[in-house]
């Protein structure tokens, strides 16, 4: 299991740092994280990856988005899915509309994914937003249609990354835990405590989720780093 620190300080307007500044120190950290994930799955093909956390406010959506950019930048065809159908935020990160999305795929017949996904600023990366918030997210994620959707998109994409709600709050991430090849767990300093982390680990173990490792999402400035990212800067709206 790997453990990687991403010093993803919450600077206004720079949540997609891998797109805005691909040569930055933080972007390089995401490349290292990509390598760690790939090596952790050396004996099994990684097609589906889930990103979750124990609580809100740990930066899981930002991590998921930047991971998607980094994987796509090496030539992989990537689908980023906002599966947080309770408090979606990826459409805000990428500044696209959210009228249709995953909910549409799971509730309406004959919806074509190609008609719903959004192109992004990164070649090879497309985004499927959450769509309209449904009354029963966990039931939709557990449905046969969700399983069918996952199997279908595996044929068209090299990697599918799912952004899920915090596992200690709702059951959605548990539902997806055994539907995906791997899980990345985001921990933010001064947000999650040890009891939160241990509870989340237990919940993931119960569904036999393949936890590849944890990302420590630090707020502290890196000593000597020349890019000037500070802990006290405001977190962008909609980022958890």
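The values are calculated or read from the model by the stated rules, or taken from the named source; none is laboratory data. As the structure is a computational prediction, the values presented were derived from the model and not from experiment. Cβ placement follows ideal geometry from the backbone for every residue including glycine, while neighbour counts extend to all protein chains displayed.
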request  = Take segment 35-61 and flag every residue that is out of contact with any strand residue (DSSP E or B) (no Cβ under 6 Å at 6 or more places or on another chain) and either in a strand (DSSP E or B) or at pLDDT 95 or above (or both).
outcome  = 47, 52
request  = Sort out which residues of segment 102-130 are part of a loop (DSSP other than H, G, I, E, B) and touching a helix residue (DSSP H, G or I) at 6+ places or on another chain (Cβ under 8 Å), and write them in order of number.
outcome  = 111, 116, 120, 121, 122, 123, 124, 129, 130
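I need a count of the residues in segment 104-118 that are buried (at least 18 other Cβ atoms within 10 Å of the Cβ) and either in contact with a strand residue (DSSP E or B) (Cβ under 9 Å, 6 or more places away or on another chain) or more than 14 Å from residue 81 (Cβ to Cβ) (or both).
Here is the first cut: in segment 104-118, the ones buried (at least 18 other Cβ atoms within 10 Å of the Cβ) are 104-106, 116-118.
Those left that are additionally either in contact with a strand residue (DSSP E or B) (Cβ under 9 Å, 6 or more places away or on another chain) or more than 14 Å from residue 81 (Cβ to Cβ) (or both): 105, 116-118.
Going through segment 104-118 one residue at a time, the tally reaches 4.
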query = Among (1) surrounded by fewer than 21 Cβ atoms within 10 Å (Cβ to Cβ); (2) touching a helix residue (DSSP H, G or I) at 6+ places or on another chain (Cβ under 7 Å); (3) in a loop (DSSP other than H, G, I, E, B), which single condition is residue 133 missing?
reply = (2)
message = I'm trying to understand the selection: among the residues of segment 82-101, which are under 19 Å from residue 135 (Cα atoms) and either crowded, with 18+ Cβ neighbours inside 10 Å or touching a helix residue (DSSP H, G or I) at 6+ places or on another chain (Cβ under 7 Å) (or both)?
response = 82, 83, 84, 85, 86, 88, 89, 98, 100, 101
remark   = Counting only residues that are part of a helix (DSSP H, G or I) and closer than 15 Å to residue 56 by Cβ, segment 189-204 contains a total of 4
inquiry  = Let me spell it out: the conditions are (1) closer than 23 Å to residue 165 by Cα; (2) out of contact with any helix residue (DSSP H, G or I) (no Cβ under 6 Å at 6 or more places or on another chain); (3) outside any helix (DSSP H, G or I); (4) modelled with pLDDT of 90 or more, and residue 22 meets all of them except one. Which number is the exception?
reply    = (1)
